[in-house]
Amino acid sequence: MASAHSTASGMGGMRTAGDLVARMQMSRGMKIKEAKEYVANKLKVSVSALSDPVLMSEMREDLNLGMVSTSLFPGSAKGIEAKFRIAELLDIEINCVNRFKDRIGGKLRVL
Amino acid sequence: MQKIYTRMGDGSVTELSESELKQDLEEGTRDAAERGKVSPLSEDELSYLFDIYSAPYRFVSVEHGNEVVLSYDAATLKIRRVGVSTHRIQSLQIYEKILGADTAEFDHVDYSFKSVKPIIAYEQTELEQALLMMTIPMFYGAMPNLGSYTQPDGPCPNYADLMPQGKISEARAAQEEAMELAIKDMVAVGSAMYESGADGINFDTTAAAGDPDFLATLRATELLKRKYPQMCIEIGMAGEFILGMHGELTYDGVRLAGLYPHRQVELVEKAGATIFGPAINTNTDKSCAWNTARAVTFTKACVKNSHIPIHANMGMGVGGLPVVDQPPTDAVSRASKAMVEVSRLDGL
């Protein structure tokens, strides 16, 4: 059922820019039209390109935003690394990225 | 005249003539309009639904450019449900890398805030590990599940036992007591998971126990948003109509019992939630076309009346999908396309 919905009407997640559009809904409460336009503007692509896995795979590779086939791209950003870059690209706060910074930012003090 | 292959709300195959299909669509939208006191679908919209349901294809989809964001309730639970032996983090990776999910949800197999609270440290630690590996946004999800606070499972008198005895005031008091406990658990778990880095909290199957369940969720949302203004909160409903199990509860002066989705969303917005998920029940005695026309009518009114993104629930038994464990792809894809392109919502 999940795959049927994804194929019928989903944006495509990391195969495209679906996760980026989702982040704008979640962080700014944007409706779908506004969220798509915001992401397209940041990526400097058309709104229709956001759901194209060919164009968006290249875009994600170029910008190092995390990709599906990570084994084909050793050294590329994965997981939290990609989220650091997504937060910067979209100019949003990502909760776990901020907490990661907090955890590694404190000075180590050996008593 | 060639018959149209379609299904009933219980998933069984049926065949309709063109006139029968048109009649089902008209009656479905009329039923929603009358119950919810909302506008029925227009002739053009019904004609569009007719084209979707009369198409001979096994699978249909939205047009290029009409794709929406998909959020998934109980994601890690559903991989376990089908007996696939994966760790929860692997389940999330399946959603992210194989299913093309736009968001994912981390959850416990006992999908209730009450059950999760005693083991919250384990949930937090695993979520923290998952967040290091995942790129797509992650919710932590569970159900308010007010029923779990009643005896013999919980500490409160069982209002389902009290009401048939005519002890209405005692039943109401028990619901109010359960509500306070549920709010504490939702806020405690929601806070802990947000402190661990979750992008959002999903209150799933909200109002399953009626108006006190809904009120508890609205108040927990208020408290969490006051504490963490940036937190994303999704409120997904259990059904289309708030059952008046208590009957006298209000939020911001509005009586909760009897509210349909276009009124529910007003209160969800006031509480501070970020995304709302209406759930429209499926009638198994009617065709999928009838059910979809009805679900789209309710959802369209909800979208029109909202300022926040709407992600309609479209799992088995809601949103025009048949009530079966394995919803057929022909039925899912038709309901999916119809819901997105006619109601103009923001996600599923």
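FYI, it's all coordinate maths here, none of it is from the lab. Note that the structure is predicted; figures quoted are calculated from it, not measured. Positions of Cβ are backbone-derived with ideal geometry, glycine not excepted, and every protein chain shown enters the neighbour counts.
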Two decimals is fine: what's Rg over Rh for the range A:2-105, C-alpha atoms, Kirkwood radius as Rh? 0.97
24 Å Cα cut-off, lysine pairs counted over chain A (separation 8 or more, or different chains): 17
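Within 10 Å of each Cβ in peptide A:90-96, how many partner chain Cβ atoms are there on average? Round it to a whole number, please.
Partner-chain Cβ atoms within 10 Å, mean over residues of A:90-96: 5.
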Based on Cβ point charges of +1 for Lys and Arg and -1 for Asp and Glu, what charge dipole magnitude is obtained for the range B:89-224 about its Cα centre, in debye rounded to the nearest 20? 160
For B:I119 and B:V254, calculate 0.36 nm times their separation in residues minus their Cα-Cα distance, and state this gained length in nm to one decimal. 45.0 nm
The range B:53-107 and the range A:77-106: distance between their alpha carbon centers, rounded to Å: 25
When a/c reaches 1.5 or more, the comparison of a/b and b/c decides; with that in mind, is the range B:254-310 rounded, prolate or oblate per its Cα gyration tensor? prolate
Of all DSSP beta bridges in the range B:4-343, antiparallel share, percent nearest 5: 30
Under the definition of partner shielding as Cβ atoms of other protein chains within 10 Å of a residue Cβ, what is the mean value for peptide B:133-146? 4
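State to the nearest 20 debye the size of the charge dipole of chain B about its Cα centre, where the only charges are +1 on K and R beta carbons and -1 on D and E beta carbons. Intermediate results must be reported in sequence, preceding the final value.
Numbers: 31 positive and 48 negative charges, 37 e Å.
Once rounded to the nearest 20, the dipole reads 180 debye.
Using a 10 Å cut-off on Cβ to Cβ distances, tally the other chain neighbours for every residue of B:73-86 and report the average as a whole number. It would help to have the intermediate numbers written out before the result.
Details: counts 0, 0, 1, 0, 0, 2, 0, 0, 0, 0, 0, 0, 0, 0.
Whole-number average of other-chain Cβ neighbours for B:73-86 is 0.
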Separation between Cα centres of the range B:1-26 and the range B:108-181, rounded to whole Å: 41
Could you tell me which of rounded, prolate or oblate describes the range B:1-139, using a ≥ b ≥ c as the square roots of the eigenvalues of the alpha-carbon gyration tensor, with rounded for a/c under 1.5 and, failing that, prolate when a/b is larger than b/c and oblate otherwise? prolate
Honestly the range B:86-164 on the Cα gyration tensor test (a ≥ b ≥ c root eigenvalues; a/c under 1.5 rounded, otherwise a/b vs b/c for prolate or oblate) is just prolate
Once Rh is set to the Kirkwood radius over Cα pairs, what Stokes-Einstein translational diffusion coefficient, in µm²/s, holds for chain B at a temperature of 10 °C and a viscosity of 1.306 mPa s? 76
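Rounded to the nearest 20 debye, what is the charge dipole size of the protein assembly as shown about its Cα centre when +1 sits on each Lys and Arg Cβ and -1 on each Asp and Glu Cβ?
So the magnitude is around 1100 debye.
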Quick one: plug the Kirkwood hydrodynamic radius of the protein assembly as shown (C-alpha pairs) into Stokes-Einstein at 25 °C, 0.890 mPa s, and report D in µm²/s. 109
Want the number for B:Y5 to B:E180: 0.36 nm per residue separation, take away the alpha-carbon distance, what's left? 58.0 nm
Net charge, A:V68 excluded, C-beta distance under 12 Å - Lys, Arg +1, Asp, Glu -1: +1
Per residue convex hull volume, Cα only, the range B:199-266, in Å³ is 77
Put in order of increasing Cβ neighbours within 10 Å, starting from the fewest, B:Y228, B:Y122 give B:Y122, B:Y228
Which percentage, to the nearest 5, of the DSSP beta bridges contained in the protein assembly as shown is antiparallel? 30
Restricting to Cα pairs under 8 Å and 6 or more apart, the percent relative contact order of chain B works out to 21
Grab the beta carbon distance between A:L89 and B:H87, set R0 = 45 Å, and tell me the FRET efficiency rounded to 0.05. 0.90
Determine the gain in length on full extension of the stretch B:T14-B:D44; use 0.36 nm per residue of separation and subtract their C-alpha separation, reporting nm with one decimal. 8.3 nm
